[in-house]
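Visitor: Could you have a look at this structure, given as structure tokens, before my questions?
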């Protein structure tokens, strides 16, 4: 065997080994780059996850605050609705009272036009409560209106307003009102 014949296969084997070593080094570098890229992406995702967790905690805290505010507002709305219903009831009663008063006035004017029969005699008008005597007081409770107080104590709404120097029918809970005289 000659040296040339021996060197050829040896150099061929050596070349194959060198080339495979280069390919392996390239594959290693590529895998290393992919691994570093993957680690960088993983770190970014962990950072985003932390931010999202923080946002989620903030949203939960805000939602509980908003639920509390919503409950408070619902209570206020119910109170306002109750007050509105009371005011509507009072307005309806005042309108009915005004219509009755107007009907009485019209009836009174119509009766003035009629001749009085001699045998019936005159009807005495109902005396109004006067300011003689001690005043009778009432402390306003929640839900009470001037109309209800007038019916309870048997006086007219305008008398209660006059006795207490009220410019409107709005009354305040806890206020002491004159509702008559003893």
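The values are calculated or read from the model by the stated rules, or taken from the named source; none is laboratory data. What you see is a predicted model, and the numbers here were worked out from it, not measured in a lab. Methodologically, a virtual Cβ is constructed for each residue, glycine included, from the backbone with ideal geometry; neighbour enumeration extends over all protein chains shown.
Visitor: Right, residue 47: part of a helix (DSSP H, G or I), under 45 Å from the mean Cα position of the chain (by Cα) and not assigned by TED's automatic domain parsing to the domain that holds residue 168 or not?
Guide: yes
Visitor: Given the residues 100, 81, 57, 61, which is the only one that is at pLDDT below 85, surrounded by 10 or more Cβ atoms within 10 Å (Cβ to Cβ) and not assigned by TED's automatic domain parsing to the domain that holds residue 141?
Guide: After ruling out the rest, the residue left standing is 100.
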